[in-house]
1. Only one of E139, E170, E203 is surrounded by fewer than 15 Cβ atoms within 10 Å (Cβ to Cβ), under 30 Å from A41 (Cα atoms) and acidic (D, E). Can you tell me which?
2. Answer yes if at least one residue in the range 195-208 is more than 26 Å from E54 (Cβ to Cβ) and among the basic types (K, R), and no otherwise.
3. Mind listing whichever residues of the range 22-36 are surrounded by fewer than 14 Cβ atoms within 10 Å (Cβ to Cβ) and either modelled with pLDDT under 90 or on the phi > 0 side of the Ramachandran plot (or both)?
4. Considering each residue of the range 72-95, count those that are basic (K, R) and at pLDDT 90 or above, and give that number.
5. Can you give me the ranges of the strands (runs of 3 or more DSSP E) entirely in the range 127-223 with at least 1 residues that are without any contact (Cβ under 8 Å) to a residue 60 or more places away in the chain and within 16 Å of the ligand (Cβ to nearest atom)?
6. Checking the conditions here, which among L96, L90, L83, L100 is assigned by TED's automatic domain parsing to the domain that holds D184, closer than 23 Å to N189 by Cα and touching an Asp or Glu at 6+ places or on another chain (Cβ under 6 Å)?
7. Determine the pairs where a residue that is under 16 Å from C130 (Cβ atoms) and without any contact (Cβ under 8 Å) to a residue 60 or more places away in the chain, located within the range 23-36, has a partner that is of a type in the set (D, E, K, R) and assigned to a helix (DSSP H, G or I) with Cβ atoms under 8 Å apart, the partner being 6 or more residues away or on another chain.
8. Filter the helices (runs of 4 or more DSSP H) completely within the range 1-119 down to those with at least 1 residues that are within 15 Å of the chain's Cα centre (by Cα) and among the charged types (D, E, K, R).
Amino acid sequence: MRLVFLGPPGVGKGTQAEDISLKEDIPHISSGNLLREDVEAKTEIGLKAKAYIEKGLLVPDELVVKIVVGKITTEYCKNGFILDGFPRNLSQAKILDETLNELGEKIDKVFYFTATEDIIIKRLAGRRICKSCGANYHETFMPPAKIMVCDKCGSELYQRKDDNPKTISERLRVYREQTEELIDYYKNNSELAEINCNGNISEIHKKIFKEFHSQSRDEREME
Ligand SMILES: [Zn+2]
């Protein structure tokens with residue numbers, strides 16, 4: 001299964017992707033995590049990306065594409081992947097489709113996650129991330145057992161610099177601007193399932209699994 005998880009920052013798609021990844025044994029490829037790994041390792045791409053991330057700006061296409069396409073064409077992803085945070089715009093989506101096309105593959109399904117702006121701000125402003133393994137927590141909705149300590153690896157948690165209400169609003173504006181045509185593109189070129197994320201995590205979860213296990217359009221047409 002080659003899946004794309006689309007949606008604004010803070011909609012909760014990373015948590016859901018992580019979960020499906022574990023249950024269905026499909027690699028979870030988060031462009032954000034890949035970028036942060038490069039930033040921390042101070043690679044050439046990482047250093048360039050850092051300046052953008054700290055200002056709450058999007059990292060330029062060429063850098064993101066290099067990192068993500070590099071990853072999904074490795075042995076690790078040969079049976080599929082869940083892309084989270086990528087593609088972010090039409091040009092990235094086209095490069096992704098071209099790359100898969102050359103390999104005789106395609107995106108099987110696109111999950112489009114939506115939520116209202118006030119819910120997104122609440123979720124992001126309380127978000128805490130593990131410094132070493134990248135696990136996500138939430139002050140209110142998903143607190144770690146020990147304050148600011150990762151349940152999984154025991155490392156310290158931190159709040160991203162761009163997770164403050166002012167930067168979040170700006171990120172959402174940029175997101176909407178860039179993804180409108182992306183959503184249209186996937187509506188026309190792929191199978192798109194919209195998942196409303198205003199409810200609680202377990203409700204959202206059920207919706208995703210239902211979609212995940214439903215037949216694809218291609219399969220239905222073959223019958
Ligand atoms: Zn951790």
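1. E170
2. So far as the range 195-208 goes, yes, one or more of its residues are more than 26 Å from E54 (Cβ to Cβ) and among the basic types (K, R).
3. The answer is D25, and nothing else.
4. Counting residues in the range 72-95 that are basic (K, R) and at pLDDT 90 or above gives 1.
5. 127-130, 136-138
6. L90
7. Short answer, once both residue conditions are applied: H28/E18; L34/K71.
8. Counting at least 1 such residues, we get 13-24, 31-40, 61-72.
The values are calculated or read from the model by the stated rules, or taken from the named source; none is laboratory data. Because the structure is a prediction, the values reported are computed rather than measured. No Cβ is skipped: glycine too gets one built from the backbone with ideal geometry, and neighbour counts run over all protein chains shown.
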